[in-house]
């Protein structure tokens with residue numbers, strides 16, 4: 001495989017790993033833990049493994065919307081955005097290697113949750129609940145999954161890389177050639 005092609009496609013391994021890890025953990029939760037049940041509590045009740053479903057997006061935003069609107073906002077629109085993100089990763093010459101990897105991590109998380117929205121009757125399986133002691137008005141952080149964690153961590157890394165990466169101007173690139 002040519003070096004450039006390898007550089008473009010290799011980060012999609014992370015996408016695949018996240019999708020597989022996300023779906024396997026959700027499958028395990030669905031098979032082992034009844035909905036609404038705390039399976040285990042760790043570290044003095046700080047961390048719970050619990051089975052809940054989310055028919056909306058993060059923080060249950062949009063849970064009361066009609067189903068047709070949810071399909072457009074939470075399946076069709078994200079699929080279009082994920083497709084555009086793939087094109088960006090494959091075509092952009094301005095994206096750094098780190099940024100390519102973290103965008104592929106965001107893709108993996110996004111695809112993991114879209115799989116749930118399309119193929120699970122009760123939509124997205126969430127199972128990690130963390131006590132945050134009133135932070136942002138929450139006693140417990142909204143329950144999440146591997147896909148959610150991947151999107152958040154990778155988005156933070158992407159923002160940090162954009163903030164702290166020196167931008168090369170087109171003038172500098174022309175001078176280097």
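The values are calculated or read from the model by the stated rules, or taken from the named source; none is laboratory data. In this text the structure is predicted, and so the values were computed from the model without any measurement. Note: ideal-geometry Cβ built from the backbone for every residue, glycine included; neighbour counts use all protein chains shown.
Annotations for the structure displayed:
- Any chance residue 156 is modelled with pLDDT of 95 or more, part of a helix (DSSP H, G or I), touching a helix residue (DSSP H, G or I) at 6+ places or on another chain (Cβ under 7 Å) and on the phi < 0 side of the Ramachandran plot: no
- Single match in 79, 10, 98, 47 (criterion: touching a strand residue (DSSP E or B) at 6+ places or on another chain (Cβ under 7 Å), surrounded by 12 or more Cβ atoms within 10 Å (Cβ to Cβ) and either closer than 27 Å to residue 157 by Cα or free of Cβ contacts under 8 Å to residues at least 60 places away in the same chain (or both)): 47
- Failed condition for residue 90, given (1) outside any loop (DSSP other than H, G, I, E, B); (2) in contact (Cβ under 8 Å) with a residue 40 or more places away in the chain; (3) surrounded by 14 or more Cβ atoms within 10 Å (Cβ to Cβ): (3)
- Neighbours by Cβ (under 8 Å, 6+ apart or cross-chain): first from segment 16-43, closer than 13 Å to residue 125 by Cα; second in a loop (DSSP other than H, G, I, E, B) and modelled with pLDDT of 95 or more: 22/145; 25/145; 26/145
- Screening residue 55 with (1) closer than 30 Å to residue 41 by Cα; (2) within 13 Å of the chain's Cα centre (by Cα); (3) in contact (Cβ under 8 Å) with a residue 40 or more places away in the chain gives one miss only, at (2).
- Residue match in segment 53-64 (condition: loosely packed, with under 12 Cβ neighbours inside 10 Å, on the phi < 0 side of the Ramachandran plot and touching a strand residue (DSSP E or B) at 6+ places or on another chain (Cβ under 9 Å)): no
- Failed item in (1) in contact with a helix residue (DSSP H, G or I) (Cβ under 8 Å, 6 or more places away or on another chain); (2) in a helix (DSSP H, G or I), with residue 65 passing the rest: (2)
- Within segment 13-37, considering residues that are touching a strand residue (DSSP E or B) at 6+ places or on another chain (Cβ under 8 Å) and in a helix (DSSP H, G or I), the one surrounded by the fewest Cβ atoms within 10 Å (Cβ to Cβ): 32
- Residue 71 being surrounded by 12 or more Cβ atoms within 10 Å (Cβ to Cβ), modelled with pLDDT of 90 or more and not in a helix (DSSP H, G or I): no
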